[in-house]
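*Asks:* Attaching a single structure in C-alpha coordinates format; questions to follow.
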Amino acid sequence: YTFTGWTGDVVASTDSITVTMDAAKSITANFAIKTYAISVTSAHGTVVKTPAQATYDSNSVVGLKVTPDVGYTFTGWTGDVVASTDSITVTMDAAKTVTANFAINMYALTVNATNGTVAKSPDAATYAHGTSVELTATPAIGYTFTGWSGAASGTANPVTVTMDAAKTVTATFAINMYAL
(Lines give C-alpha, C1' and ligand atoms only; values in the text may rest on other atoms or scores of the structure.)
Protein backbone atom coordinates (compact mmCIF):
# COMPACT_ATOMS: atom_id res chain seq x y z
CA TYR A 1 0.00 0.00 0.00
CA THR A 2 0.93 3.62 -0.36
CA PHE A 3 -0.13 6.54 1.83
CA THR A 4 -2.57 8.91 0.05
CA GLY A 5 -3.30 11.49 2.72
CA TRP A 6 -5.16 12.53 5.86
CA THR A 7 -8.88 13.29 6.08
CA GLY A 8 -11.25 14.36 8.81
CA ASP A 9 -10.35 17.20 11.14
CA VAL A 10 -6.99 17.48 9.35
CA VAL A 11 -6.66 17.36 5.58
CA ALA A 12 -3.09 16.92 4.33
CA SER A 13 -1.09 14.89 1.87
CA THR A 14 2.23 14.78 3.73
CA ASP A 15 2.98 11.59 5.63
CA SER A 16 3.72 13.47 8.85
CA ILE A 17 1.43 16.07 10.44
CA THR A 18 1.18 18.05 13.67
CA VAL A 19 -2.22 18.22 15.38
CA THR A 20 -3.10 20.99 17.83
CA MET A 21 -5.36 19.42 20.46
CA ASP A 22 -7.83 22.21 21.19
CA ALA A 23 -10.79 19.83 20.99
CA ALA A 24 -11.54 16.16 20.33
CA LYS A 25 -10.23 15.25 16.85
CA SER A 26 -11.13 12.57 14.33
CA ILE A 27 -8.40 11.95 11.76
CA THR A 28 -8.14 9.15 9.20
CA ALA A 29 -4.94 8.02 7.51
CA ASN A 30 -5.83 6.88 3.97
CA PHE A 31 -3.97 4.29 1.94
CA ALA A 32 -4.35 2.90 -1.58
CA ILE A 33 -3.13 -0.45 -2.76
CA LYS A 34 -0.18 -0.23 -5.12
CA THR A 35 -0.77 -1.49 -8.64
CA TYR A 36 1.77 -2.83 -11.09
CA ALA A 37 1.84 -3.57 -14.80
CA ILE A 38 3.26 -6.70 -16.40
CA SER A 39 4.91 -6.35 -19.80
CA VAL A 40 4.92 -9.58 -21.83
CA THR A 41 6.92 -9.98 -25.04
CA SER A 42 6.29 -12.87 -27.41
CA ALA A 43 7.75 -12.86 -30.94
CA HIS A 44 6.49 -16.24 -32.24
CA GLY A 45 3.50 -17.14 -30.13
CA THR A 46 0.52 -15.89 -28.16
CA VAL A 47 0.46 -15.26 -24.40
CA VAL A 48 -2.84 -15.15 -22.50
CA LYS A 49 -2.90 -13.29 -19.16
CA THR A 50 -5.43 -14.43 -16.54
CA PRO A 51 -6.98 -12.18 -15.46
CA ALA A 52 -6.40 -9.93 -18.45
CA GLN A 53 -5.91 -6.44 -16.99
CA ALA A 54 -3.73 -3.39 -17.61
CA THR A 55 -2.54 -3.32 -13.98
CA TYR A 56 -2.70 -5.65 -10.98
CA ASP A 57 -3.03 -4.99 -7.27
CA SER A 58 0.07 -5.59 -5.15
CA ASN A 59 0.59 -9.29 -4.36
CA SER A 60 -2.11 -10.46 -6.76
CA VAL A 61 -1.31 -13.48 -8.90
CA VAL A 62 -1.34 -13.39 -12.72
CA GLY A 63 -1.40 -16.55 -14.82
CA LEU A 64 0.51 -16.60 -18.12
CA LYS A 65 -0.13 -19.33 -20.73
CA VAL A 66 1.80 -19.46 -24.00
CA THR A 67 0.79 -21.01 -27.34
CA PRO A 68 3.55 -21.13 -29.96
CA ASP A 69 2.90 -20.15 -33.58
CA VAL A 70 2.85 -22.95 -36.16
CA GLY A 71 6.41 -24.07 -36.84
CA TYR A 72 7.81 -22.91 -33.49
CA THR A 73 8.45 -24.54 -30.13
CA PHE A 74 8.28 -22.72 -26.80
CA THR A 75 11.70 -22.81 -25.08
CA GLY A 76 11.09 -20.91 -21.84
CA TRP A 77 10.45 -17.64 -20.01
CA THR A 78 13.12 -15.03 -19.30
CA GLY A 79 13.14 -11.65 -17.58
CA ASP A 80 11.60 -11.30 -14.14
CA VAL A 81 10.49 -14.94 -14.31
CA VAL A 82 12.72 -17.79 -15.48
CA ALA A 83 10.84 -21.01 -16.18
CA SER A 84 10.49 -23.69 -18.84
CA THR A 85 6.81 -24.67 -18.47
CA ASP A 86 4.26 -23.16 -20.84
CA SER A 87 2.01 -22.02 -17.96
CA ILE A 88 3.31 -19.93 -15.06
CA THR A 89 2.00 -17.70 -12.29
CA VAL A 90 3.53 -14.34 -11.41
CA THR A 91 3.11 -12.59 -8.05
CA MET A 92 2.79 -8.87 -8.68
CA ASP A 93 5.00 -7.39 -5.97
CA ALA A 94 6.55 -4.95 -8.47
CA ALA A 95 6.26 -4.08 -12.16
CA LYS A 96 7.32 -7.13 -14.16
CA THR A 97 8.79 -7.75 -17.60
CA VAL A 98 8.60 -11.28 -19.00
CA THR A 99 9.61 -12.68 -22.39
CA ALA A 100 8.29 -15.89 -23.94
CA ASN A 101 11.08 -17.44 -26.04
CA PHE A 102 10.70 -19.73 -29.03
CA ALA A 103 12.85 -21.75 -31.44
CA ILE A 104 11.90 -22.48 -35.02
CA ASN A 105 11.24 -26.17 -35.63
CA MET A 106 13.89 -28.01 -37.62
CA TYR A 107 13.08 -31.07 -39.74
CA ALA A 108 15.09 -33.79 -41.48
CA LEU A 109 14.52 -34.56 -45.16
CA THR A 110 15.41 -38.15 -46.02
CA VAL A 111 15.89 -38.89 -49.71
CA ASN A 112 16.00 -42.45 -51.08
CA ALA A 113 17.29 -43.28 -54.54
CA THR A 114 18.42 -46.56 -56.07
CA ASN A 115 19.96 -46.53 -59.56
CA GLY A 116 20.32 -42.77 -59.48
CA THR A 117 20.96 -39.81 -57.21
CA VAL A 118 18.96 -36.90 -55.81
CA ALA A 119 20.47 -33.47 -55.22
CA LYS A 120 18.92 -31.24 -52.53
CA SER A 121 19.05 -27.47 -52.87
CA PRO A 122 19.80 -26.16 -50.35
CA ASP A 123 21.65 -29.23 -49.09
CA ALA A 124 21.42 -29.47 -45.30
CA ALA A 125 21.01 -32.05 -42.56
CA THR A 126 17.87 -30.29 -41.26
CA TYR A 127 15.63 -27.49 -42.48
CA ALA A 128 13.77 -24.72 -40.66
CA HIS A 129 9.99 -24.82 -40.74
CA GLY A 130 8.69 -23.40 -44.03
CA THR A 131 11.92 -23.91 -46.00
CA SER A 132 11.44 -24.92 -49.65
CA VAL A 133 13.85 -27.60 -50.82
CA GLU A 134 14.30 -28.36 -54.51
CA LEU A 135 15.01 -32.01 -55.35
CA THR A 136 16.60 -32.96 -58.65
CA ALA A 137 16.77 -36.62 -59.67
CA THR A 138 19.64 -37.81 -61.87
CA PRO A 139 19.45 -41.40 -63.17
CA ALA A 140 22.48 -43.66 -63.27
CA ILE A 141 23.73 -44.68 -66.74
CA GLY A 142 21.22 -47.06 -68.29
CA TYR A 143 18.27 -45.85 -66.15
CA THR A 144 15.44 -43.33 -66.52
CA PHE A 145 13.77 -41.30 -63.79
CA THR A 146 10.10 -42.39 -63.48
CA GLY A 147 8.72 -40.39 -60.53
CA TRP A 148 8.56 -39.41 -56.88
CA SER A 149 6.82 -41.03 -53.92
CA GLY A 150 6.48 -40.24 -50.23
CA ALA A 151 6.37 -36.51 -49.46
CA ALA A 152 6.57 -35.68 -53.19
CA SER A 153 4.62 -37.14 -56.07
CA GLY A 154 4.44 -36.96 -59.82
CA THR A 155 7.16 -36.91 -62.45
CA ALA A 156 8.20 -33.25 -62.44
CA ASN A 157 11.95 -33.01 -62.15
CA PRO A 158 13.02 -30.99 -60.24
CA VAL A 159 10.29 -30.97 -57.56
CA THR A 160 9.94 -28.65 -54.54
CA VAL A 161 9.17 -29.91 -51.04
CA THR A 162 8.09 -27.47 -48.30
CA MET A 163 9.42 -28.50 -44.88
CA ASP A 164 6.62 -28.40 -42.31
CA ALA A 165 7.50 -31.78 -40.75
CA ALA A 166 10.17 -34.46 -41.08
CA LYS A 167 9.75 -35.92 -44.57
CA THR A 168 10.92 -38.81 -46.71
CA VAL A 169 11.01 -38.72 -50.51
CA THR A 170 11.87 -41.59 -52.82
CA ALA A 171 13.04 -41.14 -56.40
CA THR A 172 12.23 -44.13 -58.60
CA PHE A 173 14.29 -45.10 -61.61
CA ALA A 174 13.60 -47.79 -64.23
CA ILE A 175 16.19 -49.65 -66.25
CA ASN A 176 16.24 -48.65 -69.90
CA MET A 177 15.00 -51.38 -72.20
CA TYR A 178 16.20 -51.67 -75.80
CA ALA A 179 14.94 -53.70 -78.73
CA LEU A 180 17.43 -55.80 -80.59
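The values are calculated or read from the model by the stated rules, or taken from the named source; none is laboratory data. Source: prediction; values computed, not measured. Every residue, glycine as well, gets a Cβ built from its backbone with ideal geometry; the counts of neighbours run over all protein chains shown. Only protein heavy atoms, including side chains, enter the accessible area calculation; ligands, DNA and RNA are left aside. Shrake-Rupley method; radii C 1.70, N 1.55, O 1.52, S 1.80 Å.
*Asks:* Which distance in Å, rounded to a whole number, links the C-alpha centroids of the stretch 105-141 and the stretch 23-100?
*Replies:* 45 Å
*Asks:* Next up: Using label points projected 7 Å from each Cα along Cα→Cβ, tell me how many nm separate THR75 and ALA125, to one decimal.
*Replies:* Those two pseudo-labels are separated by 1.7 nm.
*Asks:* Can I ask one more? Set the Förster distance to 22 Å, then compute FRET efficiency between SER149 and MET106 from the Cβ-Cβ distance, nearest 0.05.
*Replies:* 0.40
*Asks:* Points 7 angstrom from Cα along the Cβ direction at THR20 and THR55: gap in nanometres?
*Replies:* Placing both labels 7 Å along Cα→Cβ, they lie 3.7 nm apart.
*Asks:* Please compute, over every Cα-Cα pair in the chain, the percentage with a separation greater than 27 angstrom.
*Replies:* In whole percent, the share of Cα-Cα pairs in the chain beyond 27 Å is 60.
*Asks:* Go through TRP6, TRP77 and list them by solvent-accessible area, largest first, probe radius 1.4 Å.
*Replies:* Order by accessible area, largest first: TRP6, TRP77.
*Asks:* How would TYR1, TYR56, TYR72 rank on accessible area, largest to smallest, probe 1.4 Å?
*Replies:* Descending accessible area places them as TYR1, TYR72, TYR56.
*Asks:* Something else about it: With r defined as the distance between the Cβ atoms of THR89 and HIS44 and R0 fixed at 22 Å, what FRET efficiency is calculated, to the nearest 0.05?
*Replies:* 0.45
*Asks:* What distance in nm lies between label points placed 7 Å from Cα along the C-beta direction at PHE3 and ILE27?
*Replies:* Computed distance between label sites PHE3 and ILE27 equals 1.0 nm.
*Asks:* Lysines near LYS96 by alpha-carbon distance under 29 Å, same-chain residues fewer than 8 away left out - which ones?
*Replies:* LYS34, LYS49, LYS65
*Asks:* Give the span of the stretch 1-83's Cα atoms along each principal axis, as three whole-Å numbers ordered largest to smallest.
*Replies:* Largest to smallest, the principal-axis extents are 75, 19, 16 Å.
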